[in-house]
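No lab work stands behind these numbers, since they all come straight from the coordinates. Fair warning: this is a prediction, and the values are worked out from it, not measured in the lab. Ideal geometry is used to build each Cβ from the backbone, glycine not excepted, and the neighbour counts take in all protein chains shown.
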Amino acid sequence: MDKKDLENLSEQELSELKDSIDETIANKRYKKSFSATNTKGVAIAWIIFGVLIAAYRYFSM
């Protein structure tokens, strides 16, 4: 948006725009933290899986 567009908005429209921007930022933060958590969860699952396989092979010999 241009500066002229923002100057012509009413207080209510500016408030709605601010709320929309805040909501978008919050959604992006949530998605970013969720994807980081998901990546960590997958990594931990693979580590546990590898340890279980190693333990099984060690104790079955």
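Here the simple spin-label model places points 7 Å from the Cα toward Cβ, and for SER20 and PHE49 these points are separated by 4.3 nm. In terms of overall dimensions, the C-alpha atoms belonging to the chain reach 78, 18, 5 Å along their principal axes, ordered largest to smallest. Once Lys and Arg get +1 and Asp and Glu get -1 on their Cβ, which of ILE53, SER10, THR24 lies farthest toward the positive end of the dipole of the chain? Projecting each Cα onto the dipole axis, the largest value belongs to ILE53. Principal-axis analysis of the Cα atoms of the chain puts helix 11-59 at an angle of about 0° to the longest axis. Once both labels are positioned 7 Å from their Cα atoms along Cα-to-Cβ, the gap between TYR56 and ALA36 label points is 3.4 nm.
Report, in deg cm²/dmol and to the nearest 500, the calculated mean residue ellipticity at 222 nm for the chain, where each DSSP H run with n ≥ 4 adds -39500 (n - 2.57) and the sum is divided by the residue count.
Details: 2 runs with 54 residues, N = 61.
Here the helix-only value at 222 nm equals -31500 deg cm²/dmol.
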